[in-house]
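In what follows, a single structure is set out as structure tokens and then discussed.
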Amino acid sequence: MTNAKYHIEKAKSGRATCKKCKLKIGKGEIRIGETRKGEDFDMVSWKHAKCFTMGRKLVASTSPPLTVEKFLEDVIGDPDNLLEDEDMFKTVLGDMLDAKSSGVGKRKRALVRDVTDGDTGIMDVAREIYAKLKKSQRIEPKKKRKKRNDDGEEEEDTSEDATEAIRNEVQSLSDSDRKIVEYFIFYNDMTSDELKSFLRWNFQMLSGTKDILVERCVDGEQNGRLGTCPTCEGGRIKLREGAEKVYCNGYYDEDVGSRISCFYEDDVVNAARELPWFMEEPSEEVIEAITTARKNPNLAKNESAVEESSSSFANLALDLKSKVGVKKAASQILEICRAKNVDLPDDEKKATVRIGRILVQNKSIISGKEIFKIIVSEFGLKQSKEEKFKAKKSAGEGCEVAENGPLFLAIKELSDLYFKERNTNAGNTYRRVSEAIRTLSFQVAADNAKGLCKGKTKVAGIGKGSADKMYEFVTCGTIDKLEEKRAAHQ
């Protein structure tokens, strides 16, 4: 018998990816896990039952050779007793026999022809239908004509029947797939310049061949404009050729004065989206609003806080002519800032000094509200409890294993703080680590964290220093270096 162990279960979430077909395994869908012992921890890979085939070593591990039936009856672990149900046993057996006889490579095309479920086989279908349609239009006469068959007899041309067959083929698709085919036909009839106009209106990439431009337009109309990267929070998500994956390679940070690298990549169905998809050039006001929101996603929230502060400053008289007056004004404004959740240093003295410096630099401004606006613009607002919970929940959902979400956020924050110091090498190092954590198929714990940098269990992008920090986080709940950087940026 091989050193691997196998078990069957219903997927507990929809985050795991099938190792064979590379598609997500939906929540509740039957999956087969293959567990292999590593140096420090066990590694588990998942496959759909329809994608699972027994390797030669596994088949040859028994005498006579292991059959699919015997594998399900005697070898595979079944902690939830799924295979005790006769119908379930027959279904799984049928799936595995189909995979064995027909080859699982066909599954990716045949599984679910729906872009919204992560399968881009429908794009290939759309290309085939488009080619058939154009061919029928080229040969179809204005009037039904006669043609001779092999016996020299005249018969009616069937080109109209071919067009009708294509229409029937389109109508037989699901509503979602039919829309994609219709979008593909609509955009593929355009020139590259026309396609670029649509992409420009929707703030998308303009480079690439016509096929790539068409894919971006179809994806955009079906799902919405690709939004901001959830990992670096500054780069724009881009569509990979084939419309199956999205990625971000970073952005230029004007404050840092250098490019911030990003290594985000995910399935197209998980991409952040913005609506609507513009079918005509948006107005200058709309363009400006979108551009501003992208540069400062918290702008609306900050402006709302400034407006709500009006009553707090209504009876506040600022005396900025003397040091004593500036100090008193700084203390009064700090009290309002704390109430409005401005992200000032926690240390009272440091926070007062920061506000005092802004007051001295803006002595000509006598309005407390205007001073508050400057402070909010510089320091921003802290996340509320609800926002923090939402961020942690989002991080968990963004990771292959939800339990790795807090670790992902901690390492990402460390990366961000290094970038703020203009230390791009360290920033990029921890950005790679955070992205590696996001895509891990197992939970990082005390018994496996240090093994992620060496031997058979090494994970690309994670070195000894990073592994030690990950171990520190999962055992202590924080990282000394992270706390040090947080304090330095107070």
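Here are the numbers:
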| item | result |
| --- | --- |
| Single condition Arg432 does not satisfy, out of (1) at pLDDT below 90; (2) under 19 Å from Met43 (Cβ atoms); (3) not small (Gly, Ala, Ser) | (2) |
| Any hit, the range 76-84, residues being in contact (Cβ under 8 Å) with a residue 40 or more places away in the chain, in a strand (DSSP E or B), in contact with a strand residue (DSSP E or B) (Cβ under 8 Å, 6 or more places away or on another chain) and not assigned by TED's automatic domain parsing to the domain that holds Cys399 | yes |
| Whichever residue in the range 233-250 is buried (at least 18 other Cβ atoms within 10 Å of the Cβ) and assigned to a loop (DSSP other than H, G, I, E, B) and, among such residues, is modelled with the highest pLDDT | Ile237 |
| Any hit, the range 175-184, residues being modelled with pLDDT of 80 or more, assigned to a helix (DSSP H, G or I), among the aromatic types (Phe, Trp, Tyr) and out of contact with any Gly (no Cβ under 7 Å at 6 or more places or on another chain) | yes |
| Qualifying positions in the range 318-356 - charged (D, E, K, R) and within 22 Å of Glu303 (Cα to Cα) | Glu335, Arg338, Lys340, Asp343, Arg354 |
| Subset of the range 192-211 (residues that are at pLDDT 90 or above, surrounded by fewer than 17 Cβ atoms within 10 Å (Cβ to Cβ) and not hydroxyl-bearing (Ser, Thr, Tyr)) | Asp193, Glu194, Arg200 |
| Matching residues, the range 170-191, being surrounded by 13 or more Cβ atoms within 10 Å (Cβ to Cβ), among the polar types (S, T, N, Q) and in contact with a helix residue (DSSP H, G or I) (Cβ under 8 Å, 6 or more places away or on another chain) | Ser176, Asn188 |
| Among (1) at pLDDT below 90; (2) of a type outside the set (Asp, Glu); (3) within 30 Å of Cys18 (Cβ to Cβ) - the single one Arg216 does not satisfy | (1) |
| Criterion violated by Glu280 - all others in (1) modelled with pLDDT under 75; (2) loosely packed, with under 14 Cβ neighbours inside 10 Å; (3) not β-branched (Val, Ile, Thr) satisfied | (1) |
| Residue among Ala449, Ala445 that alone is buried (at least 19 other Cβ atoms within 10 Å of the Cβ) and on the phi < 0 side of the Ramachandran plot | Ala449 |
| Whichever residue in the range 283-312 is over 25 Å from the mean Cα position of the chain (by Cα) and among the aliphatic types (A, V, I, L, M) and, among such residues, is modelled with the highest pLDDT | Val286 |
| Given (1) of a type in the set (S, T, N, Q); (2) in a helix (DSSP H, G or I); (3) closer than 11 Å to Leu407 by Cβ, number of the condition Gln443 does not satisfy | (2) |
| Residue among Ile180, Ile185 that alone is of a type outside the set (Ser, Thr, Tyr) and closer than 12 Å to Ala243 by Cβ | Ile180 |
| Some residue of the range 472-481 being modelled with pLDDT of 85 or more, farther than 21 Å from Asp42 by Cβ and acidic (Asp, Glu) | yes |
| Evaluation of Met205 against (1) under 23 Å from Ser176 (Cα atoms); (2) out of contact with any Asp or Glu (no Cβ under 7 Å at 6 or more places or on another chain) (one fails), failing number | (1) |
| Helices (runs of 4 or more DSSP H) contained entirely in the range 261-371, each with at least 1 residues that are of a type in the set (Val, Ile, Thr) and closer than 29 Å to Ser434 by Cβ | 284-295 |
| Among residues of the range 191-232, those that are among the polar types (S, T, N, Q), touching a residue at least 60 places away in the same chain (Cβ under 8 Å) and part of a helix (DSSP H, G or I), counted | 3 |
| Long-range neighbours under 9 Å by Cβ, at least six apart or interchain, first residue of a type in the set (S, T, N, Q) within the range 301-319, second in a loop (DSSP other than H, G, I, E, B) | Asn302/Asn296; Asn302/Gly380; Ser309/Lys340; Ser312/Lys340 |
| Members of the range 417-428 that are buried (at least 19 other Cβ atoms within 10 Å of the Cβ) and not aromatic (Phe, Trp, Tyr) | Leu417, Gly427, Asn428 |
| Selected residue (criterion: surrounded by the fewest Cβ atoms within 10 Å (Cβ to Cβ)) from residues of the range 454-490 that are under 11 Å from Ile411 (Cβ atoms) and among the basic types (Lys, Arg) | Lys481 |
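The values are calculated or read from the model by the stated rules, or taken from the named source; none is laboratory data. Keep in mind it's a predicted model, so treat the numbers as computed, not measured. Don't worry about glycine lacking a Cβ; one is built from the backbone with ideal geometry, like all the others, and counts go over all protein chains shown.
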